[in-house]
1. Size of the dipole of the range 51-185 about the Cα centre, Lys and Arg at +1 and Asp and Glu at -1 on the beta carbon, nothing else charged, in debye to 20?
2. Length gain on complete extension for the stretch H178 to N159, per 0.36 nm per residue less the alpha carbon to alpha carbon distance?
3. According to a simple spin-label model (label point 7 Å from Cα along Cα-to-Cβ), what is the distance in nm between D128 and T42?
4. What residues have an amide H closer than 5 Å to that of H66, excluding those fewer than 5 places away on the same chain, when H is modeled at 1.01 Å from N in the peptide plane?
5. Relative to the compact globular guide of 2.2 N^0.38 Å, what is the alpha carbon radius of gyration of the range 51-185, as a ratio?
6. Can you tell which of P107, C144, A185 lies farthest toward the positive end of the dipole of the range 51-185, using +1 and -1 charges on the Cβ of basic and acidic side chains (Lys, Arg; Asp, Glu)?
7. Quickly work out the S137-to-A167 label distance, labels modelled 7 Å from Cα along the C-beta direction, and quote it in nm with one decimal.
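Nothing in this text is a laboratory measurement; each read-out follows from the coordinates by a stated rule. This is a predicted model, so every value here is computed, not measured. FYI the Cβ positions are ideal-geometry reconstructions off the backbone, even for glycines, and counts take in every protein chain you see.
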Amino acid sequence: MKFSRSLMILISTLLGVAVFFFKPRKARAPIVDSEKSLYPGTSISIQPGDLLFTPIGKSESKFVGHVGIVNLKHKVVHSIPAGIVEDQVSDYFRKFRSISIFSPKVPIVGRNAAGYLEDLTEKYPRADYRILTPLGSVNHEQYCTKIVWQAYQFGAGVNLGHLRDQARAIHPEFLKDHRHLERKATKL
């Protein structure tokens, strides 16, 4: 009896250790763009001019808060210290967490902003990252809020957040202008 009890304890201990080391790990489902016109894991259509906000910037950014804008090719354009980046939507979702999607209430406004964005990124593909540059100065210095604000201001005539041209270092949250944008999703 004593031998079988010791054997049971040993087997239980070994099983516990085995379960601890070999238990399935929590894994995120891969993000697959099975339907290219929808945001990953949603039924929300990707539209030009959509803004994708996240409370956390890329690890290289060191700044809290980030925003990207969907262009006419349904890619996300955003400015980071490495320059202006154009990402596939699925890649953007892999890079950033807690994404909130805001869409223009008037679709033509989004398309016009996205059209201006195309011109801006073509003219300044290697824009320097500077947060202390005025929003209204169209030049080779950009940051995430500025590129989005300029796309809407100069492409669609919409001043998101009712900001001054000379404003500097504006946090992306100030672009969440409910007069012109509607929230489609939060914390994806």
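1. Roughly 320 debye, rounded to the nearest 20.
2. 5.7 nm
3. Between T42 and D128, the label points sit 3.5 nm apart.
4. Counting only residues 5 or more places away or on other chains, the set is T54, I56.
5. In units of the globular-protein estimate, the range 51-185 measures up at 0.92.
6. Checking the options against the dipole of the range 51-185, the answer is A185.
7. Reported label-point gap for A167 and S137 is 1.8 nm.
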